[in-house]
Each structure stands twice: as C-alpha cells, then as structure tokens.
Amino acid sequence: MDRPLLTAGLCIAGCLLGLLSLPALAQGQRDPELKSLLERALADQACFSDKFERQVWFVAMQPRLATMVKDPGEREDILHHVQCEAKRLGLPPSLVMAVIDVESRFDRWAVSSAGAVGLMQVMPFWPRQLGMQNEQLVHIPQNIRMGCTILKFYLDREKGDYTKALARYNGSVGRRNYSDLVLTRLASRWQFQ
C-alpha cells in the first residue's frame, strides 16, 4: 500500500476513534441513585389503567401524533406507555410528549450524535449497567419507562423546576435553549387539560 495513503488512513481512523471517545453531554446521567431507580422501574410492570381517562387521552392525542407516527399500532403503543409511565411517576403526560417530540420527533429508531437512542434518547450505557441489551432502547415500553424515570429524577432533584430539570435531562445545564424548546412545544402542541 502507498505510504501516504496508509498514513492518511491511520490519521482518519485515529480521528474517528477520538470522536467516538468524546464524552457525551448526557454522561452526567450516571448518578448511582438514578441507577437504582431505573432498576426498580424496569422491574415494576404494573400500569395505570382507568379506561375513561385513557380514552379521553387517546381521543385528544391521536390526531396530534398521527402526523408524526403513521402506524396506528405504534401510535397507540406510544400513547399507552406515555400515559402509564406519567401516571406511575406523577409526571404530566403532555410534558413527556413534548420531550419525545423534541428529542426524537417520535422516531423510536433515532440515535443522537452523543449516542442516545430511541424516543426519549436514553444513553446507551444504561442497558449495560442494568443487564439489558442495547437493542431494548428502541422498544417503546422500555425506552419510555427509562426516559420518564430519568426525567422524574431530575424534576425531583430540581424541586419541580421544569427549566432546570429539562436542562439536566438533555445535558445542557446552565443553558435554556433545550428547556425553552420543550416548554414551547408543550404549550403549542401537547398541552392536555
């Protein structure tokens, strides 16, 4: 092989490895307390089920979500798990919808430049720490359960301050861009009741 080509190839490989080893902003999510909450959340399979409230939620949210998620079964799955997890944790389900909208535009296959995966863009180190497979991050129930648990953890840590909690969730502490975007999306598209 030509020496300049080999040198260029090694430089490119080194640069790519360097980029892959850069810490993601959401690496701050490695709190030991958060790990135990996620372990309990994944073990807890009970789901809130009030048929009337569930029906009202679906009627209100299906048309809004239909423009982004074409498959009716996937839409139903997302709405079901958002409502159940939000109820389980005492989160506003419309806030969860706004987070998913901003994080992935409801694309469960989304992967961020930092490596976060799925609807709620959960960091891939969590499955390894929790004894799961990485591909479980694209499964709607697991991703929403983990994302909601992380969001609730930060809301509790920030004593209910949405702006600060959302910045922690996104790894943008001290900046308002992400929080403002989620809150604007909440008010303009996902507000419910």
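Bear in mind these aren't lab numbers, they're just calculated from the coordinates by the rules spelled out. Owing to the predicted nature of the structure, the values given are computational and were not obtained by experimental measurement. Every residue, glycine as well, gets a Cβ built from its backbone with ideal geometry; the counts of neighbours run over all protein chains shown.
Worth a mention:
- Residue order for 164, 51, fewest other beta carbons within 10 angstrom first, comes to 51, 164.
- Whole-Hz ³J(HN,Hα) from phi, Karplus 6.51 cos²θ - 1.76 cosθ + 1.60, for the range 74-85, glycine and proline x: 5, 4, 4, 4, 4, 4, 4, 6, 4, 5, 5, 5
- Kirkwood Rh, Cα atoms: Rg over Rh of the range 121-171: 1.02
- Charge dipole (Cα centre; +1 on Lys/Arg Cβ, -1 on Asp/Glu Cβ; no other charges) of the range 29-190 amounts to roughly 320 debye.
- Equivalent ellipsoid dimensions for the range 29-190 as semi-axes, Å, which come from the Cα gyration tensor, largest first: 22, 18, 16
- Candidate lysines - alpha carbon under 21 Å from residue 51, same-chain residues fewer than 8 apart omitted: 87
- Among 81, 139, the ranking by other beta carbons within 10 Å of each residue's beta carbon, starting with the fewest, stands as 139, 81.
- Relative exposure of 89, 137, judged by other C-beta atoms within 10 Å (fewest first): 89, 137
- Across the range 116-130, computed HN-Hα scalar couplings (Karplus, 6.51 cos²θ - 1.76 cosθ + 1.60, θ = phi - 60°) run 5, 10, x, 3, 9, 6, 7, 5, x, 6, 5, x, 4, 6, 9 Hz from first to last residue, x flagging Gly and Pro.
- Extension gain, residue 125-residue 60: 0.36 nm per intervening residue step, less the Cα-Cα distance, totals 19.9 nm.
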